[in-house]
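Enquirer: There's a structure below that I have some questions on.
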Amino acid sequence: MDKKNIDWSNLGFGYVPTDKRYVSNYKDGAWDEGMMTSDANVVINECAGVLQYAQTIFEGMKAYTTEEGHIVTFRPDLNAKRMVDSAKRLEMPAFPEDRFVDAVKQVVEANAAYVPPYGSGATLYIRPYMFGSNPVIGVKPADEYQFRVFSTPVGPYFKGGAKPITIRVCDFDRAAPHGTGHIKAGLNYAMSLHAIMSAHAEGYDENMYLDAATRTKVEETGGANFIFVTKDNKVVTPKSDTILPSITRRSLIYVAKEYLGLEVEEREVYLDEVKDFAECGLCGTAAVISPVGKVVDHGREICLPSGMEEMGPITKKLYDTLTGIQMGQIEAPEGWICEIC
Ligand SMILES: Cc1ncc(COP(=O)(O)O)c(C=O)c1O
């Protein structure tokens with residue numbers, strides 16, 4: 001198969017339409033059989049549930065080329081499961097997990113020419129999503145839904161090496177206790193836009209959100225979970241019912257324990273403790289781990305000992321091991337790598 005003529009290493013993170021996408025509609029209590037389409041446009045009624053009451057959920061994952069030249073995705077079954085959890089919380093019908101994985105495979109296979117080659121650092125980003133599609137004017141769930149999966153090639157997350165970032169402790173809250181912080185609903189991201197724009201305007205790369213109830217505990221950023229490393233090399237990651245259960249974080253915990261023999265603690269992490277950690281990173285599909293060099297809490301600078309030049313040593317080991325597993329250089333645990341072609 002000939003690859004598209006794209007300058008992979010200079011791609012950014014933007015939408016580039018690919019040839020095919022998957023669509024399935026839910027009506028009268030059932031999902032139809034679904035199909036691939038070339039049509040990138042969605043036509044819905046002006047009063048569609050998603051447009052009025054934001055009934056929409058999504059997932060984000062990547063397809064990439066391994067060292068041996070296979071196109072694979074990473075643990076898509078966990079994205080499928082998380083989307084079911086998101087659907088239940090927003091009173092939407094679950095899209096069956098096996099069909100989710102099958103739809104992702106169909107989309108990647110149909111757009112294989114857009115999957116960047118091994119070594120480019122670029123990937124094919126995959127976006128499954130679902131929304132209420134029929135007219136809804138009283139505040140209630142829609143009766144009809146559309147599930148779609150599209151893909152778009154994206155460039156390497158780190159161009160010229162992973163430089164540590166500076167983040168600020170945010171005065172806005174991301175998620176309420178017993179709210180929707182643990183699911184991947186569009187509404188969580190809409191309300192984070194003002195916070196991220198103001199962080200950027202003040203020169204910070206990201207926001208560190210605290211727990212809304214006490215504002216003493218570290219939650220996550222707008223798009224990634226935290227991992228910390230103690231001075232005696234223990235990996236610590238915040239445990240909270242109001243953060244998104246990151247697939248990358250769950251994978252890194254396994255890697256830390258089973259591949260690197262590190263001790264891991266999943267527990268509440270207080271903002272007051274951050275000054276005592278040796279390393280800090282943000283983990284998510286996009287970057288795997290993005291190192292944090294500095295946290296600024298209302299003018300008080302907390303400088304991680306790992307500094308502003310490179311990833312801390314344990315963070316780097318975690319990053320190298322997980323990306324090695326993803327790229328096929330290190331043997332993966334059973335079921336982690338889903339080969340498509
Ligand atoms: C709020 C939030 N937290 C964490 C993550 C990281 O999750 P994952 O590792 O599954 O990409 C994401 C990205 O999906 C996110 O949007």
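Enquirer: Across segment 170-191, which residue is surrounded by the fewest Cβ atoms within 10 Å (Cβ to Cβ) among those that are without any contact (Cβ under 8 Å) to a residue 60 or more places away in the chain and assigned to a helix (DSSP H, G or I)?
Expert: In this case the residue turns out to be 189.
Residue-by-condition table, conditions (1) polar (S, T, N, Q); (2) under 13 Å from residue 51 (Cα atoms); (3) assigned to a loop (DSSP other than H, G, I, E, B):
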{"site": "131", "(1), (2), (3)": "no, yes, no"}
{"site": "141", "(1), (2), (3)": "no, yes, yes"}
{"site": "148", "(1), (2), (3)": "no, no, no"}
{"site": "152", "(1), (2), (3)": "yes, no, no"}
{"site": "158", "(1), (2), (3)": "no, no, yes"}
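Enquirer: Whether any residue in segment 192-199 is within 9 Å of the ligand (Cβ to nearest atom), modelled with pLDDT of 95 or more and in a loop (DSSP other than H, G, I, E, B) is what I want to check. Explain how you work it out, then say what you get.
Expert: Quick first cut of segment 192-199, residues within 9 Å of the ligand (Cβ to nearest atom) only: 192.
Among the residues that remain, those that are also modelled with pLDDT of 95 or more are: 192.
When the remaining residues are screened for being in a loop (DSSP other than H, G, I, E, B), the result is 192.
Yes.
Enquirer: Something else: Can you tell me which residue in segment 283-316 is nearest to residue 122 (Cα to Cα), limited to those that are among the basic types (Lys, Arg) and assigned to a strand (DSSP E or B)?
Expert: From segment 283-316, those among the basic types (Lys, Arg) are 294, 300, 316; that's our starting set.
Applying the additional criterion that residues be assigned to a strand (DSSP E or B) yields 294, 300.
Working: 294: 27, 300: 37 Å.
The selected residue is 294.
Enquirer: Right, here's the next one. What number of residues within segment 274-288 are away from the ligand (no atom under 15 Å from the Cβ) and surrounded by fewer than 20 Cβ atoms within 10 Å (Cβ to Cβ)?
Expert: Looking only at that region, the number is 4.
The rows are residues; the columns are (1) closer than 25 Å to residue 120 by Cα; (2) within 16 Å of the ligand (Cβ to nearest atom); (3) buried (at least 20 other Cβ atoms within 10 Å of the Cβ); (4) basic (Lys, Arg).
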{"position": "12", "(1), (2), (3), (4)": "yes, no, no, no"}
{"position": "19", "(1), (2), (3), (4)": "yes, no, no, no"}
{"position": "28", "(1), (2), (3), (4)": "no, no, no, no"}
{"position": "33", "(1), (2), (3), (4)": "no, no, no, no"}
{"position": "38", "(1), (2), (3), (4)": "no, no, no, no"}
{"position": "57", "(1), (2), (3), (4)": "no, yes, yes, no"}
{"position": "66", "(1), (2), (3), (4)": "yes, no, no, no"}
{"position": "97", "(1), (2), (3), (4)": "no, yes, no, no"}
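Enquirer: Quick one: residue 220 ticks every box in (1) more than 15 Å from the chain's Cα centre (by Cα); (2) closer than 23 Å to residue 307 by Cα bar one, so which box is it?
Expert: (1)
Enquirer: Would you mind finding the one in 136, 169, 218 that is away from the ligand (no atom under 12 Å from the Cβ) and touching a Cys at 6+ places or on another chain (Cβ under 8 Å)? Show your work before the answer.
Expert: Details: 169 fails: touching a Cys at 6+ places or on another chain (Cβ under 8 Å); 218 fails: touching a Cys at 6+ places or on another chain (Cβ under 8 Å).
Sole residue among the options that is away from the ligand (no atom under 12 Å from the Cβ) and touching a Cys at 6+ places or on another chain (Cβ under 8 Å): 136.
Enquirer: Looking at (1) under 17 Å from residue 36 (Cα atoms); (2) of a type in the set (A, V, I, L, M); (3) surrounded by 17 or more Cβ atoms within 10 Å (Cβ to Cβ), find the lone condition where residue 113 falls short.
Expert: Every listed condition holds for residue 113 apart from (3).
Enquirer: Can you list residue pairs whose Cβ atoms sit under 6 Å apart, with the first residue in segment 69-96 being closer than 18 Å to residue 336 by Cβ and the second being within 11 Å of the ligand (Cβ to nearest atom) and of a type in the set (S, T, N, Q)? Count only pairs 6 or more apart in sequence or on different chains.
Expert: none
Enquirer: For segment 199-208, check the following and say yes or no: at least one residue is under 28 Å from residue 76 (Cβ atoms) and either buried (at least 20 other Cβ atoms within 10 Å of the Cβ) or touching a His at 6+ places or on another chain (Cβ under 8 Å) (or both). Please lay out each step first, then the result.
Expert: Looking only at segment 199-208, we keep the residues that are under 28 Å from residue 76 (Cβ atoms), and these are 206.
The next check asks that each one be either buried (at least 20 other Cβ atoms within 10 Å of the Cβ) or touching a His at 6+ places or on another chain (Cβ under 8 Å) (or both); those that pass are 206.
The answer is yes; a qualifying residue exists.
Enquirer: So, one more: Can you tell me which residues in segment 229-273 are more than 16 Å from the ligand (Cβ to nearest atom), acidic (Asp, Glu) and either farther than 23 Å from residue 294 by Cα or under 20 Å from the mean Cα position of the chain (by Cα) (or both)?
Expert: 258, 263
The values are calculated or read from the model by the stated rules, or taken from the named source; none is laboratory data. Keep in mind that this is a model prediction, so the values were computed, not measured. Every residue, glycine among them, receives a Cβ derived from its backbone with ideal geometry; neighbour counts consider all protein chains shown.
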